[in-house]
Amino acid sequence: MKLHITPEDLLNLSDSQKLNLRDMWMPEVNTLVMAKICRDVINDEYDTIVFVIGEVIVDEDRGNLILRKYKLLDESFYEDNRNFFENENEPECVENEEDFEFEYAEPEQYFSKEDCLPLPGIGQLIEMLNRAKYGQDGFDIYIPPVRRMVGDKGYSVVNRNEHEFTEDELCDSLWKALIEYF
C-alpha cells in the first residue's frame with residue numbers, strides 16, 4: 001500500500017498547482033518534505049532531496065517559515081569530523097587556490113518553506129481535502145473488498161457532484177481529487 005505521494009507526483013504539477021499546494025500546507029514536525037536544490041548554477045540544474053522536518057522556525061523579520069531537517073548526530077559524525085574537533089583553533093587553509101576542487105555538497109539543514117513541497121500521506125490528504133471544502137457537502141471514500149470480483153473498482157473518492165477519482169491506490173485517488181481541486 002502506497003502511504004505517501006512520491007516526488008515524481010510533485011514534479012508533474014504545474015507552477016500554479018505547486019503554489020496552491022504550498023499555500024494550503026502548514027509545515028509540522030515529522031512531516032515528509034521534498035526540496036529542490038541547485039546543483040549547477042551555470043547549467044541551471046536542480047536535484048530534489050527528501051527529508052523529514054525536525055523543527056519549524058518562524059523568521060519574524062521576513063515573515064516566513066524556516067524548516068530544519070531532522071538529523072541525528074551519532075558517533076560516526078564525531079569520527080568523520082575528528083580532525084575538526086581536535087584542532088578547533090587551527091583552521092585548515094588551502095595554500096594554492098588552483099588545488100582546491102569545487103564539489104557539489106548538499107546544503108545545510110535549513111530550508112525556506114518557499115523552496116519545499118510536502119509529500120502528504122493518506123491522512124494529510126484527507127485533511128487537506130476537508131479544509132479545502134472539497135465537495136461542499138462532503139465526500140466519500142470507497143475501499144474495495146479484499147477479494148475483488150471481475151469489474152470491481154479500485155479505491156475511489158467521490159464528492160456530491162459525482163466527480164469520481166478511482167485508482168489502484170487510495171493515496172493516488174485522494175491525490176487526484178486534491179489536484180483537481182486546484
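Brief remarks follow.
- Restraint check, 18/176; 36/176; 36/133, Cα-Cα greater than 21 Å: 36/176; 36/133
- Theoretical gain in end-to-end length, residue 45 to residue 15 [0.36 nm per residue, Cα-Cα removed]: 9.1 nm
- If only the Cβ of Lys and Arg carry +1 and only the Cβ of Asp and Glu carry -1, the dipole of segment 120-182 around its Cα centre is close to 120 debye.
- Take the Cα of residue 66, go 7 Å toward its beta carbon, and the backbone nitrogen atoms of segment 29-48 under 17 Å from that spot belong to 29.
- Directionally averaged projected area (convex hull, Cα atoms, segment 120-182), nm²: 4.3 nm²
Any read-out appearing in this document is the output of simple, stated calculations on the displayed coordinates, not a laboratory observation. Everything numeric here is computed off the predicted structure, so don't read it as measured data. Here Cβ is always computed from backbone atoms with ideal geometry, including for glycine, and neighbour counts include all displayed protein chains.
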